[in-house]
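Handing you this structure, nothing more for now.
The values are calculated or read from the model by the stated rules, or taken from the named source; none is laboratory data. Please read all numbers here as calculations on a predicted model, not as lab measurements. Here Cβ is always computed from backbone atoms with ideal geometry, including for glycine, and neighbour counts include all displayed protein chains. These accessible areas exclude ligands, DNA and RNA; they are computed on the full protein's heavy atoms, side chains included. Shrake-Rupley method; radii C 1.70, N 1.55, O 1.52, S 1.80 Å.
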Amino acid sequence: MSTNDRQPSAPATVGVVLVAAGSGQRLGQGIPKARVLCGGRTLLEHSLQGVVASGVARHVVVVLPADDHVLAGVVERAARATAGGTSAPLVTSVTGGTTRTASVRAGIDALPASVGVVLVHDAARALTPPAVFRRVAAAVSADVPAVIPVLPVVDTVKVVAGSTVMATPDRATLRAVQTPQGFDAAALRAAHAGASAGDPAVTDDAMLMEARGAVVHVVDGDSLAFKVTTPLDLVMAEAVLGQRALEQPGAVP
Ligand code: C5P
C-alpha cells in the first residue's frame, strides 16, 4: 500500500481534566471557588455543563478539593446524568494538590491510557462556550502538540521591577491566555513528569510544553471564557446568566 492509499487515522480519544481544587481566596467567600453559587448553581455545575455540551470528551476527570462532599455530589450527579449515553463522557473525580500544577497532574494520572488528546480546563472559567472546547480539540495534532485559546490584550502592559517600569512590550504581540488548553497526551505527560509541581511561577500547562521546545499554537478564545477570580467577576457572570434567562426563558441557567 502506498502512502497515498493510507486511510486517515481515527480521531484521537479526548479526555478533559477539569481542575476545581482551588481555594478561591480572592473571591473571599470562605468556600472553594467551584462551590460558589452563580445563578443558583455552583460554578462547577456551569463548567461541567460546558464540557459535556461540547461533545468532544470521552472522559472527564474533575479534580476536587480533599473531602469536599458537596462538589463530590455534583460530580456524581453529572456521572449519573451522562451514564450510558452513546456520545456522553464518563465523568469521574480525583483529589487535587496544593498547586494548580499538582492538581492537573493528578487529573492526567487518572485518565486512561487510551486518551490521545487532553484538554486541561479551569472550572473557574465557568461560562466557557462549548465551541471553544471544539476549536481547541480540533487544532491539536501530531505536528501541533499544544493549542491554547487567546484574546488580544486591550490594556497597555508594563514590565515592572518593584515600583519602576522597566519596559513596555508591543501590545500587538501580546495575548491573554485562557483555557481549555489542548495537548497531545504523551507530550503533556512528559512535560509534567519533567516539571516541579510546587513551582508557583508555573501558571499554565502550555508553559511546561514551551520549556521543552514544543510548538504551541493559538486559536481564538472567547470573552465568555473569563476566569471568575474576584467578586466583580462573579457579578459579571451573574449578569451574563441573567441576560440568558431573559433571552431563553425556561432554559437551564
Ligand atoms: O488559582 P487559579 O485562579 O490559577 O486557579 C485556576 C484553576 O485551577 C481553578 O479552576 C482552580 O480550582 C484550579 N486549582 C486547582 N488546584 C489548586 C489551585 C487551583 O485545581 N491547588
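Does segment 47-65 contain at least one residue that is part of a helix (DSSP H, G or I), at pLDDT 95 or above, over 23 Å from R105 (Cα atoms) and open to solvent by 20 Å² or more (accessible area, probe 1.4 Å)?
yes
I've got another one for you. Considering only residues that are out of contact with any helix residue (DSSP H, G or I) (no Cβ under 8 Å at 6 or more places or on another chain) and closer than 20 Å to V140 by Cβ, look in segment 205-226 and name the one that is least open to solvent (accessible area, probe 1.4 Å).
Going through the qualifying residues, I end up with A206.
Okay, moving on. Return the total of residues in segment 30-46 being within 13 Å of the ligand (Cβ to nearest atom) and either under 30 Å from A138 (Cα atoms) or open to solvent by 10 Å² or more (accessible area, probe 1.4 Å) (or both).
Here the count works out to 9.
If you don't mind, there's one more thing I want to ask. Would you point out the residue of segment 172-195, among those that are touching a strand residue (DSSP E or B) at 6+ places or on another chain (Cβ under 9 Å) and aliphatic (A, V, I, L, M), that is nearest to G15 (Cα to Cα)?
Applying the filter and picking the extreme gives A185.
Of all residues in segment 118-140, which are more than 15 Å from the ligand (Cβ to nearest atom), open to solvent by 10 Å² or more (accessible area, probe 1.4 Å) and touching a strand residue (DSSP E or B) at 6+ places or on another chain (Cβ under 8 Å)?
R135, A137, A139, V140 - these are the residues of segment 118-140 that are more than 15 Å from the ligand (Cβ to nearest atom), open to solvent by 10 Å² or more (accessible area, probe 1.4 Å) and touching a strand residue (DSSP E or B) at 6+ places or on another chain (Cβ under 8 Å).
Which of the numbered conditions does L27 fail, given that it passes all the others? Conditions: (1) open to solvent by less than 50 Å² (accessible area, probe 1.4 Å); (2) out of contact with any Lys or Arg (no Cβ under 7 Å at 6 or more places or on another chain); (3) under 27 Å from R244 (Cβ atoms); (4) within 11 Å of the ligand (Cβ to nearest atom).
Every listed condition holds for L27 apart from (2).
For segment 55-101, give me the residue count where each residue is away from the ligand (no atom under 16 Å from the Cβ), without any contact (Cβ under 8 Å) to a residue 40 or more places away in the chain and at positive phi.
1
Would you mind telling me which numbered condition in (1) modelled with pLDDT of 95 or more; (2) out of contact with any Lys or Arg (no Cβ under 9 Å at 6 or more places or on another chain) T168 fails?
With respect to (1) modelled with pLDDT of 95 or more; (2) out of contact with any Lys or Arg (no Cβ under 9 Å at 6 or more places or on another chain), T168 is out only on (2).
Take R105 and decide whether it is in contact with a His (Cβ under 7 Å, 6 or more places away or on another chain) and touching a residue at least 40 places away in the same chain (Cβ under 8 Å).
Yes: the conditions hold for R105.
Follow-up. Hey, which of the helices (runs of 4 or more DSSP H) in segment 145-253, taking only ones fully inside, have at least 3 residues that are out of contact with any Pro (no Cβ under 7 Å at 6 or more places or on another chain), in contact (Cβ under 8 Å) with a residue 12 or more places away in the chain and within 16 Å of the ligand (Cβ to nearest atom)?
205-211, 231-247
Of all residues in segment 227-239, count the ones that are hydrophobic (A, V, I, L, M, F, W, C) and open to solvent by less than 30 Å² (accessible area, probe 1.4 Å).
3
Starting from residues that are at pLDDT below 95 and open to solvent by 70 Å² or more (accessible area, probe 1.4 Å), keep the ones in segment 84-97 and report whichever is nearest to F183 (Cα to Cα).
Filtering segment 84-97 for residues that are at pLDDT below 95 and open to solvent by 70 Å² or more (accessible area, probe 1.4 Å), the one nearest to F183 (Cα to Cα) comes out as S87.
Quick one: which residue in A142, A124, A113, A131 is part of a helix (DSSP H, G or I) and of a type in the set (A, V, I, L, M)?
Just a single option satisfies the conditions, and that option is A131.
Among the candidates V104, V115, which residue alone is open to solvent by less than 40 Å² (accessible area, probe 1.4 Å) and more than 16 Å from the ligand (Cβ to nearest atom)?
V115
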